[in-house]
Every structure is written in C-alpha cells, then in structure tokens.
Ligand SMILES: Cc1ncc(C[n+]2csc(CCOP(=O)(O)OP(=O)(O)O)c2C)c(N)n1
Ligand code: SF4
Ligand SMILES: [Mg+2]
C-alpha cells in the first residue's frame, strides 16, 4: 500500500494490498476483528493471511492480530503494517515501530496519548472509540463492542463491502440473543459512519483476479483437523496442551457426526497408546500434542515403529524445551520428530507449509501410514496453527475417503514377512480370520515373521533393515521439491514448515534488488526426497532458514539433517528463536550477513 | 459413509460368504488355541492362568479372530505369545489405554488384558484408575505375584512390608497397594479376587468378568516360584492354608462392604467383591454418536464436511 499524501483534499486511492495490525488486549475481541476481515477477504476472492499472538495468561494481556489482504498472491502476513489500530497506550507504544514510515495510526483517543515525535512520522487519527461505542450501544454494555465499532472504522477506511460484512456479523451472532446482534450492528454502523474522510484519504482494493471456485477461510489447526476427517480418520485420543488442543476439541466435536469418537485421556502416554490401539484394531487413529507432550509419547512411538502399526501424530510446535514459550512459535521439534526415542526407529515426518497444505498433508499422512504400516508425524507449528488463510475450497466428494477396516479373511498371514523386497507389509487387524489358524502378534520385542520373540542377531538385522527399507521405498515416491527462482545461482534458501511464505518473498525481494537467490521448500523431511543433491549442486551457498537455535555447530535441525545426508559444508543455517515468525527482511539481512561476499551472482 | 464405531466394520468382502457361518463352526480345541510353549519357570503360577484362559475360550466358543489378548511387559505379560489369536505385547504399564483403543473402536471384539502387579499398579497405576473410572469394556486379569519377576526380584507395589528384595535388602518398607481397594475406589464396575491354586474359581471369575458389561478387574494371585516362593501358601489348603469364598450374604453392590472385605488381612476372601451396572464409556460414546448422527441423517461423509466448509466461507 502506498502511503497517503499528507494534507490536501480527501481522496480515494487504489491499493492492491494492505497490512493492518490490530493491537489491544485479548479480551477486547482483537481476534474477532481480524477474523471478520480475513473472512471478508476470502469471500471477495482476495488472498489473505493473518498473524496473531495470544498471551500465555488466561485473563487477557496484550494481544495482536495482523491481517494482510491482497488482490494478488499473499505469501506472508507481512513485515510492516500500513495501518495500526491501537486500543491502549501500550498497544500504541509497543507496535508503532511495526508501522511503515508514513503509515496510519488509528487510535482510541480515550486511552491513547499520542507522542509528538511519532506524529511527525506517522499519520495519526484519534477516535474516541470506547466512548463512541458506549454512546452507540448505550445501556450497560460499557465499551464491549468497541472491536466491532473499530471494524466499522476500518470498513470505511478501505471501502469494504458492507452487506458482506453485515452478513458475517449476522452469522457470528446467530442463535444468540437478538439484542446482541443488534448491538453489534449498531456499533458497526456507528464506526462506519464516523467521519474519517476529511481527515485522511480512503482506499479501495483493486479488483482481484477472479479465482475459480470458492474460497474457504480457516486457521491451520482447523485445516488439519478437517483434513484428518476427510482422510477418513474416525478415532483418536489426546491430552490438552496449547496450541494442539484446538485440534482435539474440533475432533471431539465433529467426529461423532461421522460415527467416530475422540477420547480425552489422562496423559499423553495414554493418548498415544489409545491411538495405537485404535490403529492396531484397524482404524488409523490420531494423537497429537505440543512441547512436553511430544516428549512423553516417544516410548510408545517406538513401539508403533517396531510393531509396524499405522498411526498419525500431530505435533504443533511451540517454543521449548520444557514448558518453554507455550504461545510462541518455534521449529525446534524436528529432531525429536525424526529421531526421538531409543533405538533405530525410522518413522515418517511431514511438515505442512501453510494452512491449505495442512488439509492435504493430513490426507497424505494417513495414506502413508496405512500403506507403509508406520507412524507418521505431522509437524506443524504455532504460527500456521493460529493464522487464518483463505484457500480454494477442496472438492469434498473427491478428497474424502473411506478407510474402514478391511476384515476380509486371509489364507495365511505373516505380519513381518521378510520375503517382501521393499519391506512394506500390511497390518491385518483383529477380527480378520486367518484360515490356516496361525495368528499374528503385534510386538515391541524383536520378532520373527509372525511376531514371536526372537533374539537372533540375524533376525534383528533383517527386521531393522525391513523397517528402514520401507521408508527408502517411500522416499523414492516423493517428488523432488520445486525450485523457486532459477535452478542455478549463488544462494539457495532452504525452508520447511511455516516459513515457506516469507522465504519466497525474501527471494522475490532479493532478486528484485539484483541478487542471485532461489529457494526450495522441503515438506517431506523424514525420509527426505531423493535428488536434493542435484539442486544443491546449482548453488554456491545453501542456507537453511529455520526458527530454531543455530546449535553447537552453527546450524539448525534441518540443516543438521541435510549435512548428515550430504556431508556438504556449504550447507549453513539462518536461524532465530525469538518466538516470532520470520520477517522477510530478517531473512534477507541474515542471508547477506552469512554470505560475506554478497548475494550477487559470482 | 465409513463404518461407524457402532457397526461391525466389514468392507471389501463378506466374512460369512467366504467362510462357514458361525453356527456351523466347531468350538476351538486347546491345541488350536495354544501357540508358543510358555517361557515361564516350571511351577510358575502363570501357567494355571493361561490354562484357564484356554478353557474359557473353549467353553465360551470364542473364535480366534474375535479374541484380542493384550499385555504390557513382565513375565505374566508374555501371555499373548502363548495364545493362538490376535494379540499384542505392548509396552510396560500401558496395556490398558492400548486395549481401550481397541475396545472403543471395535465393539465386535472381546478384549482381554493380562499383566503383572508392577505393570498394573506402579508404572501403569494411573491408567488403571482412569480405565476403571471410564468403565471401558474389557476384562483385566492382574497376575499378582507381589514381586517383579521379569527383572528378577525387585520390590513391587504389592510387596508386603518386610519382603526382602534386591532393592529392599532389609525388607520392603512402603505401604503396599491393595488392588481390591484401588479398583473399588477408582470406580471399577466389576472387582474380583482369585488365586491360581483354585482353577475352578479362576475360571468362574474369568467368565463372570467376561460377561460383565464394563471394565472387569480380576486380581489373580499367581505365585512366582523363582523369587517369591510360598507367598500365597496361607491361601492354599494344600499348603495348610485356607481358601475362603466371599461370604454368601455379601452384597456385591455395597461399595463400603466391598471395601471392608478388601481390607481383611491375608489370605482374606476370594470371589466377586463389587459390581455395579454403571453405563460403559463405550455405551456413552455411542449415545453421543447416535445423537450427532441424527442431525446428519441421509448425508454422506463428504456432505457433512461440506456443510462445515460452507460455514467457513
Ligand atoms: C519403561 C520400562 N521400564 C522398565 C522396564 C523393565 N521392566 C520390565 S518388566 C518390569 C516389572 C515386571 O513386574 P510385574 O509387572 O509385576 O510383572 P511380573 O514379571 O512379576 O509378572 C520392569 C521393571 C520396561 N520394560 N519398561
Ligand atoms: S520369574 Fe517368577 S513370575 Fe517369572 S516366570 Fe519365573 S516364576 Fe514366573
Ligand atoms: Mg509381579
């Protein structure tokens, strides 16, 4: 968005995107405003991405919600905001530096005392939001509803579609007392009618390219939960922990409609055990957690690897170790996901890149778990979990699958058949009659082909190889990641998980400045896809961008994995662990700092 | 739609068409039920429990494919390898939540769990409480030998005070857990006690447990001849002890009376201490499912999900 021209007659400028940061306290309904804006953008076929912080404390505390709405492709929630909507002095002071120079600060003049030095750099618009909300609604509502009033102001500023917003407000407050809806609409209209036009110009989004089909708007945890349902998962178990809990709550609420259930257990060990029990019984089941809960699951995970039982584990990463930073983002669980537990225990690790990808990753994970009889860990993170994006509505009839247990009798069955070259055997669930009368035991002890204990060194080597070969067979089916930008150049940025958007934007920005930078995104992390070495060969520097610590040796967790595989010292890390998502400029600046000779083509 | 947890899940083939109808199938013989020869020490009490489990399967005409035998880790937990049926040898202490996953997702199966006192009351103690209070349908037989057998004579949570083990060389000092009291107070809906030296009684208790609709718990004293020889002699008439059945006038629905019975000094009584008909979690979940499905009758799974997505536009 271009900065408004100072002074002069109010005018309407066309913009192609806008970044709006809303800062207040969590109980003010900050998320609700952001949600309305995101949903509106989705319905208007615009791209949208949000970012929010939630306080770790229960009763409020500072909270922000940033929405980036664009008529073109939106890759990240944006670095600096065009507009800051500040409800309190602390919101104003803490967030003004995230506003572009010349940007707009819309503040509640009942609570915020603007500072003279900032007034020179930013356009300040004070509106007594709290007072005007009380006036608009009247009665004893106090300033409850000021978020909706502020939404009205924003709607005016960006000439948003009022009927669509009214409809959204109506949907949000359906079923509640009609006076609540009426108050919300009153606050909204009061905000909308408040005159801003003579203070500042207003904006209008240019028409976005019409997309085919409709868009749906949701956060990453919702997309992951619904993706599991689409995949056919009908059973799961978990224990509450932020930010994983949303998924278990969603599944608990939704699964009964599909004849399924989700159990809240006494702890994470019980949860994974119950999910493995469900998987053993023939229904691929899900468990999940965040932070410390993931650590608790590792013994049972090893059992599922050994016994070759399909299982889905969702890890919504947060800052660690221990209780760490419960409501902040970090990508520091890659090592535990790939290697956590004792013994050699190969398992599958996949990381979705964005909200839409959460939905499809869930389906892919379930299909891998079933086909390869293996636990699959979906590694998401707090940032994708809580951010809202619009994406093209899936074709439900096509994507939804039925994975009810197949109990067709079999003539005979060796659960751990060593004759299969690629090591891939199928789990046969109880209830299946085995006509030769020899039944399998699923076990964590090293075993023979029927699952009976074996202490034979040869058997242990063969079975270990079987469990490994399955994943090597899986790796061969993975596509080599696409390169964003030219396939040869100076610097290759490598990312995984939620950093995909900012990394792509960093590539765009660096290339626009004449630098030679490309990127790839690795979704399949364990096993890795084949062919990465050919991609790396095209670049002088391979910089792995991760939200985790640079570690003892100067590179993060994915970089460590890539170094282990390729032994290539040109693989280095761009790391940070401040609990916040990467800004595009962080990535560009850190890349510049890492490659001392500069990012230009050499 | 995918088969709900209420249905017998059959897909991709019809079981009865491919095989004999159940009515025409003969009951299994002991030979057909027995798998590996047990690795237990000669004379171990666990042999009797296994033999009586075979009897139960024979007597009740359970089919191979309908039985799941689940265990944690311990000598007693080797159980599933010796049974020719679907089974799993899970991790130490967590057999109950694993079995709960089977029970809650597969109403067509009989779920039996076997294990030791350490597995049940030490590492798995909390799972015991929660499975009991949730009343998840399954039968759980704890083969209590008052010692850690597999790891060779450490103190167990049921070892009596004074028992000399490798970890309490001067004698155990911590108050032992009373499995009966633990089960009653945790909310188990079927609580019984038996001993391996009285085979008929073991079978009787297992049958009653299997017929109970809920979490049925049986403590079966099972002597570890290797590390705690003679532990239960006082309950064995052949060793000069007494086997006392639960008094005929004991009211099994009286929780306080059951608790009192559980508090008697060894050898105490044997039989059903406590029983009630509280609904199982299985049944409660089915109710929730039925209510939820009523609102989506006639819709395919994808259409139900579509409705959610329509609201997310
Ligand atoms: C997590 C874990 N900790 C410890 C062990 C070692 N371990 C195996 S069995 C056992 C105790 C067995 O005692 P009990 O459950 O009473 O069974 P018993 O052998 O007496 O039948 C222990 C400590 C283990 N297998 N797993
Ligand atoms: S050590 Fe004890 S419990 Fe284990 S098999 Fe031998 S006698 Fe039985
Ligand atoms: Mg024991």
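Assorted remarks:
- Scanning segment A:321-352 for residues that are part of a loop (DSSP other than H, G, I, E, B) and more than 21 Å from residue A:578 (Cβ to Cβ) turns up A:340, A:341, A:342, A:343, A:344, A:345, A:346, A:347, A:352.
- Test result for residue A:216, in contact with a helix residue (DSSP H, G or I) (Cβ under 6 Å, 6 or more places away or on another chain), more than 26 Å from residue A:372 (Cα to Cα) and surrounded by 24 or more Cβ atoms within 10 Å (Cβ to Cβ): yes
- For segment B:35-66, the set of residues classified as within 15 Å of ligand 1 (Cβ to nearest atom) and either outside any helix (DSSP H, G or I) or surrounded by fewer than 18 Cβ atoms within 10 Å (Cβ to Cβ) (or both) consists of B:38, B:39, B:40, B:41, B:43, B:44, B:45, B:47, listed by residue number.
- The residues listed here are B:298, B:214, B:240; of these, the one that is at pLDDT 95 or above and farther than 30 Å from residue A:263 by Cα is B:240.
- Residue B:230 vs. criteria within 16 Å of ligand 3 (Cβ to nearest atom), surrounded by fewer than 18 Cβ atoms within 10 Å (Cβ to Cβ) and closer than 16 Å to residue B:45 by Cβ: yes
- Restricting attention to segment B:264-298 and to residues that are part of a loop (DSSP other than H, G, I, E, B) and within 14 Å of chain A (Cβ to nearest Cβ), the residue that is surrounded by the most Cβ atoms within 10 Å (Cβ to Cβ) turns out to be B:280.
- Residue in segment B:131-141 that is free of Cβ contacts under 8 Å to residues at least 60 places away in the same chain, within 14 Å of chain A (Cβ to nearest Cβ), more than 14 Å from the chain's Cα centre (by Cα) and more than 8 Å from ligand 1 (Cβ to nearest atom) present: yes
- Answer residue from segment A:411-431, given it is without any contact (Cβ under 8 Å) to a residue 40 or more places away in the chain and crowded, with 16+ Cβ neighbours inside 10 Å and is farthest from the other protein chains (Cβ to nearest Cβ) among those: A:414
- Only one of A:402, A:417, A:412 that is more than 30 Å from residue B:307 (Cβ to Cβ), part of a loop (DSSP other than H, G, I, E, B) and out of contact with any strand residue (DSSP E or B) (no Cβ under 9 Å at 6 or more places or on another chain): A:417
- Qualifying positions in segment B:110-120 - surrounded by 24 or more Cβ atoms within 10 Å (Cβ to Cβ) and either within 16 Å of ligand 3 (Cβ to nearest atom) or within 10 Å of another protein chain (Cβ to nearest Cβ) (or both): B:111, B:113, B:114, B:115, B:116, B:117, B:118, B:119, B:120
- Top-ranked residue of segment B:61-107 - restricted to ones that are within 16 Å of ligand 2 (Cβ to nearest atom) and under 13 Å from the mean Cα position of the chain (by Cα), ranked as nearest to the other protein chains (Cβ to nearest Cβ): B:80
- Any hit, segment A:396-405, residues being more than 7 Å from chain B (Cβ to nearest Cβ) and touching a residue at least 40 places away in the same chain (Cβ under 8 Å): yes
- Of all residues in segment B:110-129 being within 12 Å of ligand 1 (Cβ to nearest atom) and not in a helix (DSSP H, G or I), the one that is farthest from the chain's Cα centre (by Cα): B:124
- Scanning segment A:492-501 turns up one or more residues that are at pLDDT 95 or above and farther than 21 Å from residue A:355 by Cα.
- Condition broken by residue B:261, with the remaining ones in (1) assigned to a loop (DSSP other than H, G, I, E, B); (2) more than 13 Å from ligand 3 (Cβ to nearest atom); (3) within 21 Å of residue B:183 (Cβ to Cβ) satisfied: (1)
- Residues of segment B:48-63 that turn out to be within 16 Å of ligand 3 (Cβ to nearest atom) and free of Cβ contacts under 8 Å to residues at least 40 places away in the same chain, as a count: 1
Yes/no per residue for (1) in contact with a strand residue (DSSP E or B) (Cβ under 7 Å, 6 or more places away or on another chain); (2) modelled with pLDDT under 95:
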site	(1), (2)
B:2	no, yes
B:14	no, yes
B:43	no, no
B:56	no, no
B:63	no, yes
B:77	yes, no
B:85	yes, no
B:88	yes, no
B:94	no, no
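- Taken over segment B:86-103, the criterion of being away from ligand 1 (no atom under 11 Å from the Cβ) and part of a helix (DSSP H, G or I) is satisfied by B:96, B:97, B:98, B:99, B:100, B:101, B:102, B:103.
- Take the conditions (1) within 26 Å of residue A:365 (Cβ to Cβ); (2) crowded, with 23+ Cβ neighbours inside 10 Å; residue A:484 misses just one of them, which is (2).
- Among (1) within 11 Å of ligand 1 (Cβ to nearest atom); (2) crowded, with 24+ Cβ neighbours inside 10 Å - the single one residue B:78 does not satisfy: (2)
- Taken together, the criteria place residue A:293 among residues that are assigned to a helix (DSSP H, G or I), under 20 Å from residue A:243 (Cβ atoms), more than 10 Å from chain B (Cβ to nearest Cβ) and more than 16 Å from ligand 3 (Cβ to nearest atom).
The values are calculated or read from the model by the stated rules, or taken from the named source; none is laboratory data. Remember, it's a predicted structure, so these values are computed and weren't measured experimentally. A quick note on method: Cβ atoms are made from the backbone with ideal geometry, for glycine too, and the neighbour counts reach across all protein chains shown.
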